[in-house]
Amino acid sequence: MDTQQNSTCRKKEYQKISYELKLSIIDQIANGQISVNYASKKYQIFRSSIFYWTKKLSNFKQKSTSIGKNNELKKLRERIEELEFIKYFQQDIIADFENITGEEFSKKYLPEALAKEIEKKKQALLKQNGSINASE
């Protein structure tokens with residue numbers, strides 16, 4: 001009698017499901033094309049397996065998006081530094097031009113905050129030029 005029980009109590013063999021099929025099933029569920037129950041019946045997969053795949057995939061997506069966001073932040077910081085350098089360079093050119101010509105273009109055509117920054121640069125250039133002329 002023990003032999004009969006052992007033969008009926010065999011462990012069920014599970015089918016191997018490819019990674020692509022898992023992604024396809026999860027994508028269909030996420031897009032609302034099918035429900036978890038329907039996918040479970042259609043592909044003969046336990047619902048708990050589908051929930052497990054969904055959880056694993058969401059963790060993977062979160063990690064990849066956080067890495068992507070860190071890279072994006074790094075690129076944006078580099079771009080900000082580059083633009084600030086360009087801004088300071090242009091302000092130096094404008095301040096130098098205004099000192100040479102005596103015209104006040106920055107006050108006429110630029111926002112007040114930028115005009116004030118250029119005025120400070122002009123003052124610094126005048127001091128620097130004054131000290132150079134004094135040393136000659």
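Just so you know, all these numbers are worked out from the coordinates, no wet-lab data involved. Here the structure is a predicted model, which is why all the values come from computation and not from measurement. Quick reminder, even Gly has a Cβ in these numbers, built from the backbone with ideal geometry, and neighbours come from all protein chains shown.
Structure note, pairs 75/122; 74/107; 74/116; 87/107; 75/120; 74/122: Cα-Cα distances above 25 angstrom occur for 75/122; 74/107; 74/116; 75/120; 74/122. Between residue 88 and residue 48, the modelled label-to-label distance comes to 6.2 nm, taking each label 7 Å out from Cα in the direction of the beta carbon. On full extension, the segment bounded by residue 126 and residue 80 gains 13.7 nm, given 0.36 nm per residue less the C-alpha separation. Under 1.5 on a/c is rounded, so check that first for segment 73-136, then, if it is not, pick prolate when a/b is larger than b/c and oblate when it is not; a ≥ b ≥ c are the square roots of the alpha carbon gyration tensor eigenvalues. In terms of gyration-tensor shape, oblate.
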